[in-house]
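K.L.:
A single structure is presented below for examination.
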Amino acid sequence: MAKSIVVVGGGTAGWMTASYLRAAFGDRVDITLVESKNVPSIGVGEATFSTVRHFFEYLGLDEREWMPECQATYKLAIRFENWREQGKHFYHPFERLRVVDGFPLTDWWLHTKQGDRFDKDCFLIASLCDAKSSPRHLDGSLFEQDFAESDGGRGTFRTTLSEQNTQFPYAYHFDAAMLAKYLTKYGTDRGVRHVLDNVLDVALDERGWISHVLTKEHGELHGDLFVDCTGFRGLLINQALGEPFQSYQESLPNDSAVALRVPANMAERGLRPCTTATAQDAGWIWTIPLFGRVGTGYVYASDYTTPDEAERTLREFVGPEAADLEANHIKMRIGRNDRSWVNNCVAVGLSSGFVEPLESTGIFFIQNAIEQLVKHFPGESGNDWSSLQRSYNRQVGHVMDGVREFLTLHYYAAARQDNQYWKDTKTRPLPDGLAERIEQWQTKLPDTESIFPYYHGFEPYSYTAMLLGLGGLPVQAPPTLAFFDDTAAVREMQLVKEQSARLVEQLPSQYEYFAHLHELEPGRRSARAR
């Protein structure tokens, strides 16, 4: 039985792992985390996926407590700028589509041609992002609750968020280093042993399993199960155990990034509640507004530009605020291990696999890996280990392969073709099955039966949002809608506009919400309305 766990590596991956396992197993399993004082974490994973709320809920953390400690803000969507053409943007929101007479509202939008912005005509969140609104009122109540009442006698047709749109409407932006520090205290307060030391060697037994890691000052650290959170190095899984790595770069060539931490007057600038991805000549630039600064970086393909050129592009994009700021250059390993669990070693985070951060899936991969480890946690050393490993590796592999496919679609479906980089996005090999799916989506928008067949975090509406927003592929409404009465659908799109306008008027700006939250003394935050 795995009664002792050694987590090698700190940062977001290490401390999310140690904290979650401690919350799951309590003192029934000993947990040690060893991290070097001399190896910095990547530290730019500032945007997340909407499922991340489950992680904080599992740990029992109130967002009114942890968010101010991590300069965190809300993220309702990703805003894509210049992917279709210069000066155009659209949103991929955390909001499920409304359904009218069995068809998603986007199908009706294509059929009726009611407007020119599918994201604002079919979703509420696009308008909130444009207005830099908070998803919560100052009393802490969520905007979804605003539509619990009746529709003022508009008739029998009614769609409410509670009926059809139960997806949680936001994720988070946060300072990754601050979150790791916050979780360090959470974990150590609950019994996680924290060892600050350099790992000098990884010792294997006669079976090829990890016996212990040798540290410089604390000697040997033994465990039944080892978790590799050493980032792109893969110190345990790749270097010690020799697990092969599958590259995704044939379809996703962006392999580098340069990042800046930009001080800014956020009261003046405002906090748009979304990550922004702005297309560039050799990739794209992320913009992430935190409460005290902006995180930004250029993700690029080194075959098309140099690190110096990329840094210059990023500094020009940021403007005068970038002067004298130190740039962080990152070489990314894009792909995944053949297996993320080998013998008694489980790789979590960058050591397991990574795709470029276009849809903020890095922390999602960490969270999924930890949750799956708890579900597959082994008992006595024996036959159950191998069967659990196979199941775990299938699930983790499917998640990463599915995200690879979804991100590949972003580039293939983008209308932009103004230089060689963007022209080449249309000719690269597609992951198996994607070409057939794309052909089907052009005559019938994605549904649960036609997207990647295994869980990977993205639902059909996400694919639809990208196809409609990117504009590079012809799509059409189902021909059968010509035989339907579109009155209810037109009314529903009008209702979206009315509800959006009401929300923009009633909700505080995101900056106002967090300024109010930061003013509260820490001891009073938990007393806020939930």
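K.L.:
Let me spell it out: the conditions are (1) touching an Asp or Glu at 6+ places or on another chain (Cβ under 8 Å); (2) part of a helix (DSSP H, G or I); (3) among the charged types (D, E, K, R), and R339 meets all of them except one. Which number is the exception?
P.N.:
(2)
K.L.:
Can you tell me which residue is farthest from R84 (Cα to Cα) among those in the range 422-473 that are assigned to a helix (DSSP H, G or I) and of a type in the set (G, A, S)?
P.N.:
Per the criteria, the residue is A435.
K.L.:
Suppose we filter R233, R269 for residues that are among the basic types (K, R) and in contact with a Ser or Thr (Cβ under 8 Å, 6 or more places away or on another chain); which single one remains?
P.N.:
R233
K.L.:
Enumerate the pairs (first residue in the range 472-492 and farther than 26 Å from I438 by Cα; second residue anywhere and surrounded by fewer than 16 Cβ atoms within 10 Å (Cβ to Cβ) and among the hydrophobic types (A, V, I, L, M, F, W, C)) with beta-carbon separation below 6 Å, excluding pairs fewer than 6 apart on the same chain, so at least 6 apart or on different chains.
P.N.:
A488/F157
K.L.:
Also, I was wondering about something else. Pull out all pairs, ordered by first then second residue, where Cβ-Cβ is under 9 Å, the residues are six or more apart or on different chains, the first lies in the range 1-21 and is touching a residue at least 24 places away in the same chain (Cβ under 8 Å) and under 10 Å from D228 (Cβ atoms), and the second is among the charged types (D, E, K, R) and crowded, with 24+ Cβ neighbours inside 10 Å.
P.N.:
Final answer for the pair search is V7/E35; V7/D228; V8/E35; V8/D228; G9/E35; G9/D228; G14/E35.
K.L.:
Just one of the numbered conditions (1) under 30 Å from G223 (Cα atoms); (2) in contact (Cβ under 8 Å) with a residue 60 or more places away in the chain; (3) in contact with a Lys or Arg (Cβ under 8 Å, 6 or more places away or on another chain); (4) among the polar types (S, T, N, Q) is not true of S340; which one?
P.N.:
(3)
This table checks each residue for (1) crowded, with 24+ Cβ neighbours inside 10 Å; (2) in contact (Cβ under 8 Å) with a residue 12 or more places away in the chain; (3) of a type in the set (S, T, N, Q); (4) under 28 Å from H410 (Cα atoms).
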site	(1), (2), (3), (4)
D228	yes, yes, no, no
L241	no, yes, no, no
F245	no, yes, no, yes
P273	yes, yes, no, yes
T276	no, yes, yes, yes
D281	no, yes, no, yes
T287	no, yes, yes, yes
G292	no, yes, no, no
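K.L.:
Another question, if that's okay. Residues in the range 29-39: is at least one touching a residue at least 24 places away in the same chain (Cβ under 8 Å) and at positive phi?
P.N.:
Looking through the range 29-39, none of the residues is touching a residue at least 24 places away in the same chain (Cβ under 8 Å) and at positive phi.
K.L.:
Continuing with this model, one more query. Quick one: would you say G45 is at pLDDT below 95 and either surrounded by fewer than 22 Cβ atoms within 10 Å (Cβ to Cβ) or not hydroxyl-bearing (S, T, Y) (or both)?
P.N.:
yes
K.L.:
How many residues does the range 218-240 contain that are part of a strand (DSSP E or B) and among the charged types (D, E, K, R)?
P.N.:
Of the residues in that region, 2 qualify.
K.L.:
Let me ask you something else. Output the residues belonging to the range 342-387 that are of a type in the set (G, A, S) and not in a helix (DSSP H, G or I).
P.N.:
Matches in the range 342-387: A347, S352, G353, S360, G379, S381, G382.
K.L.:
Out of everything in the range 369-390 that is of a type in the set (D, E) and at pLDDT below 95, what residue ends up being surrounded by the most Cβ atoms within 10 Å (Cβ to Cβ)?
P.N.:
D384
K.L.:
Let me ask you something else. Consider the range 265-288. How many of its residues are over 16 Å from R84 (Cβ atoms) and aromatic (F, W, Y)?
P.N.:
Qualifying residue count, the range 265-288: 1.
K.L.:
Give me the residue from the range 89-145 that is of a type in the set (A, V, I, L, M) and in a helix (DSSP H, G or I) and, out of that set, surrounded by the most Cβ atoms within 10 Å (Cβ to Cβ).
P.N.:
Applying the filter and picking the extreme gives L128.
K.L.:
Residue pairs, Cβ under 9 Å, 6 or more apart or interchain, first in the range 180-201 and within 20 Å of Y58 (Cβ to Cβ), second of a type in the set (K, R) and in a helix (DSSP H, G or I). List them.
P.N.:
If the second residue must be of a type in the set (K, R) and in a helix (DSSP H, G or I), the pairs left are Y186/R22; G187/R22; R190/R22; G191/R22; V192/R22.
K.L.:
Considering only the range 298-306, I want to know if a residue exists there that is free of Cβ contacts under 8 Å to residues at least 24 places away in the same chain and over 23 Å from M178 (Cα atoms).
P.N.:
yes
K.L.:
Shifting gears a bit: In the range 445-464, is there at least one residue being of a type in the set (V, I, T), out of contact with any strand residue (DSSP E or B) (no Cβ under 9 Å at 6 or more places or on another chain), loosely packed, with under 14 Cβ neighbours inside 10 Å and farther than 27 Å from D281 by Cα?
P.N.:
yes
K.L.:
If T425 satisfies all but one of (1) free of Cβ contacts under 8 Å to residues at least 24 places away in the same chain; (2) surrounded by 15 or more Cβ atoms within 10 Å (Cβ to Cβ); (3) over 30 Å from A279 (Cα atoms), what's the number of the condition it fails?
P.N.:
(3)
The values are calculated or read from the model by the stated rules, or taken from the named source; none is laboratory data. Here the structure is a predicted model, which means the values were calculated and not measured. Here Cβ is always computed from backbone atoms with ideal geometry, including for glycine, and neighbour counts include all displayed protein chains.
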